[in-house]
Amino acid sequence: MEKISPSKFTPRCYAFIQNEDGAVLVVQELWSGVHLNKLPGGGQEVGEGMHECLNREIEEEFSSFSGPLNWTHIYTPTHAFISRFRPEEQLILNYFKAQQPVVANQWVLQTDENLLQMLWLPAVEESTSWFTLENDKAAFLAFLKTLDQ
């Protein structure tokens with residue numbers, strides 16, 4: 001494995017939120033000039049727990065959010081890697097599943113120059129390829145395994 005030398009860690013939390021039909025809420029985002037297909041979520045702030053981070057990020061991204069939601073951890077990559085956009089940062093990604101389904105037509109994205117669109121992605125293995133980043137693809141596969149239980 002390649003030796004990496006970041007100067008800081010950046011924890012990030014991402015959400016799997018299903019609607020009443022089982023589809024997963026996803027967003028298309030422009031980040032540092034790159035179009036990303038990803039899950040809602042983002043960076044954890046100092047003094048903030050992971051669940052607090054998720055609820056804050058969801059509230060920032062969706063104008064209709066009337067949280068908080070309850071979360072179950074489902075995936076954290078075990079390998080070290082550097083941020084694609086900030087080479088001084090090692091990312092620590094945490095993926096959570098909302099414990100209860102939501103009503104799809106009650107969710108509205110706070111669109112801006114970065115948040116471009118929200119979609120409800122079918123919770124099937126074929127949807128894995130929709131995600132831009134490899135860790136999101138791995139997390140989606142881990143999420144699908146939770147549906148089989």
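Ala80 passes all but one of (1) among the small types (Gly, Ala, Ser); (2) at pLDDT 85 or above; (3) outside any strand (DSSP E or B); which number fails?
Status for Ala80: all satisfied but (2).
When residues of segment 111-135 are filtered for being touching a residue at least 40 places away in the same chain (Cβ under 8 Å) and surrounded by 12 or more Cβ atoms within 10 Å (Cβ to Cβ), how many remain? Break it down into steps so the answer makes sense when it comes.
Keep residues of segment 111-135 that are touching a residue at least 40 places away in the same chain (Cβ under 8 Å), which gives 113-123, 127, 130-133, 135.
The next check asks that each one be surrounded by 12 or more Cβ atoms within 10 Å (Cβ to Cβ); those that pass are 114-116, 118-123, 127, 130-133, 135.
Within segment 111-135, residues that are touching a residue at least 40 places away in the same chain (Cβ under 8 Å) and surrounded by 12 or more Cβ atoms within 10 Å (Cβ to Cβ) number 15.
Here are some conditions: (1) touching a helix residue (DSSP H, G or I) at 6+ places or on another chain (Cβ under 6 Å); (2) modelled with pLDDT of 90 or more; (3) more than 16 Å from Gln99 (Cβ to Cβ). Ser64 meets all but one. Which one does it not meet?
(2)
Give all pairs with beta carbons closer than 8 Å in which a residue from segment 35-51 that is under 25 Å from Trp130 (Cα atoms) meets a residue that is of a type in the set (Gly, Ala, Ser) and at pLDDT 95 or above; count only pairs at least 6 apart in sequence or on separate chains.
These pairs meet every condition: Leu39/Ala15; Leu39/Ala139; Pro40/Ala15; Gly41/Ala15.
For segment 9-44, name all the residues that are on the phi < 0 side of the Ramachandran plot and not in a strand (DSSP E or B).
Selection gives Ile17, Glu20, Asp21, Ala23, Leu39, Pro40, Gln44.
Out of all the residues in segment 89-110, which are surrounded by fewer than 12 Cβ atoms within 10 Å (Cβ to Cβ) and assigned to a helix (DSSP H, G or I)?
Those that are surrounded by fewer than 12 Cβ atoms within 10 Å (Cβ to Cβ) and assigned to a helix (DSSP H, G or I): Asn105, Gln106.
Residues are listed down the side, and each one gets a yes or a no for (1) under 27 Å from Glu113 (Cα atoms); (2) β-branched (Val, Ile, Thr):
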{"residue": "Glu61", "(1), (2)": "yes, no"}
{"residue": "Gly67", "(1), (2)": "yes, no"}
{"residue": "Thr72", "(1), (2)": "no, yes"}
{"residue": "Leu91", "(1), (2)": "yes, no"}
{"residue": "Gln100", "(1), (2)": "no, no"}
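Looking at segment 22-31, can you tell me whether even one residue there is closer than 23 Å to Ala142 by Cβ, at pLDDT below 95, in contact with a Lys or Arg (Cβ under 9 Å, 6 or more places away or on another chain) and not charged (D, E, K, R)? Reasoning before the result, please.
Filtering segment 22-31 down to residues closer than 23 Å to Ala142 by Cβ leaves 22-29, 31.
Now restrict to residues that are at pLDDT below 95: 29, 31.
Right, trim to in contact with a Lys or Arg (Cβ under 9 Å, 6 or more places away or on another chain) and you get 29, 31.
Checking which are not charged (D, E, K, R) leaves us with 31.
Yes, that holds for at least one residue.
Looking at Phe96, is it within 22 Å of Ser83 (Cα to Cα), touching a strand residue (DSSP E or B) at 6+ places or on another chain (Cβ under 8 Å) and of a type in the set (Phe, Trp, Tyr)? Show your work before the answer.
Values: within 22 Å of Ser83 (Cα to Cα): yes; touching a strand residue (DSSP E or B) at 6+ places or on another chain (Cβ under 8 Å): yes; of a type in the set (Phe, Trp, Tyr): yes.
Yes; evaluated as a whole, the condition is true for this residue.
The values are calculated or read from the model by the stated rules, or taken from the named source; none is laboratory data. What you see is a predicted model, and the numbers here were worked out from it, not measured in a lab. Cβ sites come from the backbone with ideal geometry, for glycine too, and all protein chains shown count toward neighbours.
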